[in-house]
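A short write-up of the structure that comes next.
Please treat every number below as a calculation from the coordinates, not as lab data. Small disclaimer: the values here were computed from a predicted structure and weren't measured. Cβ atoms come from the backbone with ideal geometry, glycine included; neighbour counts cover every protein chain shown.
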Amino acid sequence: MENEISNSTANTLPSDRIKLNVGGKLFETTISTLQSGGPDSLLSTLSTRPGHDPIFIDRDPEIFSVLLSLLRSNRLPSTARRFSKQELADEALYYGIDSHIRDAISPPPLSGIDASIVSTICPASDGLVSSFTAATDDGSVCTAHGGQISFYDHNLTHLSTVRTHLEDITSIRHVWPDVAAVGSESAAGIHFYNFSTARYIESIHWTDSTDPRIYKARVSSIADSSSQIFASFDCPHRENCILSIDKSTLQISSEITRQSGGASKNTVPGKLTWLPETGALIGSAVTCGAFGYSGYIRMWDPRNGEVIWETSEPGSGRSSRFGDSFADVDVDVGGLTLFKVCSKSGDLAVADLRKLGDDPWVYINEKNPSMRFIGGASNSVLHCYKSQVFVGRDGSLEVWSKENNGVGEGLYRRNFVDKVEDSNRGVIRKIEGGGDRLFVSRENVEGIEVWESSYFSGAILV
């Protein structure tokens, strides 16, 4: 793809052409090609040098050939397969064209219908991942394994591992670019670590000098907004609360709610979601006992701690769905919709967060008889991402895709994401989206699966 220059070539070149000597290999290209790297790139700067003698660059010529082809055609050539993403990214950074290579090697927009496993992130030690969190903007991911945190960048290249003071980590949230908030079911408090400097920052505990029952409060779930961190705490005496923590000071701003007792409607929220558009906080709790599943969903105003809306199941028996409580709940933040998967029927239901009432659920029926789910959903996991609803049922993974605007029956289509051999890997325990990737962890299986959509544009995945 590069045009190598022989020794017999004349020194005089047309005014729009330039010669480069990269690691002893000669290339000829146009000034406009080099300048397409951007005004701040090294190549653009070199294109303005006077004279016709080849400009020497002491770098790898084979990778430069790939990058030059990228500037010419805006896509990677097949020879890019010979190099890792990190090798390409490092060289692109040297030339100042890192944004070009990042766009070229990033996966296409995530579509669950054609997604497949492309790799597995497996920490070098303690490979069983207890929790993880993915960045929605670039697809980087933080994993918790044992008492350690490992960070992988947008190329899924391992950058660092931090050993914490905890024996195990069961909750983790990426709250700043270089900082993760973590909690453990076996140790009190929420803890902050900087994984770029491998440094412990701070710990925050829920305490109350007037109530002796508030001690050794452990974190069950973590969420955050641009200015606040929200964490649910649970004490051994079944006292629980949600604390709002100021991001700028790492000081407790307020106690949003406090609950007591062992009833299902008072258990600690196991999942928290912040709604940027409304400023509300949604929490849900699910418990399973001898009589099946039960739980609640609540929406709070964090400014005053008031409950805006709530529902509990099994409920009051007002509909034919009585007894078919949800096994999991999640929120489509962008679409302002709430989803649940039922524990007995396995059905999926949706509610519009702008039109909540006593019974806001619309149950989505699968019209294709061959695709209908039969049986309970005791091992179901739900995750909403990019206007899609991903459901893990035991070991299988499915996606419900929105067909048009609105909320209700007939507006979502169900498809299986995985193959039969994928579903045999183990029970799915967590699903989370980041960038244009989907990450999946399974019970007693090392590592995290990375799912991406296929390329249809002809671009080469490297």
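Computed values, structure above
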| item | result |
| --- | --- |
| Distance between modelled label sites at residue 416 and residue 307, nm, 7 Å Cα→Cβ extension | 4.2 |
| Virtual spin-label span in nm between residue 443 and residue 87, 7 Å along Cα→Cβ | 4.2 |
| Binned Cα-Cα distance frequencies in the range 17-105 - 10 Å width, integer % | 17, 57, 24, 2 |
| Fraction of beta bridges assigned by DSSP in the range 17-105 that are antiparallel (%, nearest 5) | 65 |
| Separation of alpha-carbon centers, the range 49-121 and the range 145-162, rounded to whole Å | 23 |
| Charge dipole (debye, nearest 20) of the range 17-105; +1 at Cβ of Lys and Arg, -1 at Cβ of Asp and Glu | 300 |
| Taking the C-alpha atoms of the range 190-294, convex hull volume expressed per residue in Å³ | 132 |
| Extension gain from residue 424 to residue 17, taking 0.36 nm per residue of separation minus the Cα-Cα distance | 140.8 nm |
| The range 1-152: C-alpha gyration tensor shape, a/c 1.5 cut-off, then a/b vs b/c | prolate |
| Cα gyration tensor of the range 217-274 - equivalent ellipsoid semi-axes, whole Å, descending | 21, 11, 8 |
| For residue 221, residues with placed amide H under 5 Å, excluding near neighbours | 232 |
| Check: the range 93-237 dipole with +1 on Lys, Arg Cβ and -1 on Asp, Glu Cβ, in debye | 260 |
| Whole-angstrom gap from the range 264-295 to the range 425-443, using each part's C-alpha centre | 20 |
| Lys, Arg +1 and Asp, Glu -1 on Cβ, resulting dipole of the chain about Cα centre, debye, nearest 20 | 580 |
| D_trans [Stokes-Einstein, Kirkwood Rh over alpha-carbon pairs] for the range 135-263, 10 °C, 1.306 mPa s, µm² s⁻¹ | 105 |
| Net length gained if the chain between residue 356 and residue 199 were fully extended (0.36 nm per residue, minus Cα distance) | 52.1 nm |
| Two-site FRET efficiency, residue 78 against residue 137, from Cβ-Cβ distance with R₀ of 30 Å, rounded to 0.05 | 0.50 |
| Farthest toward positive dipole pole in the chain [+1 Lys/Arg, -1 Asp/Glu at C-beta], among 109, 336, 181 | 336 |
| Cα-based convex hull volume of the chain per residue, rounded to whole Å³ | 173 |
| At most 15 other Cβ within 10 Å, DSSP loop - GluC sites (Glu not before Pro), the range 214-289 | 277 |
| Computed FRET value (nearest 0.05) for residue 215 with residue 291, which takes r as the C-beta separation and R₀ as 30 Å | 0.45 |
| 222 nm mean residue ellipticity, helices alone, for the chain (DSSP H n ≥ 4; -39,500 (n - 2.57); rounded to 500) | -2500 deg cm²/dmol |
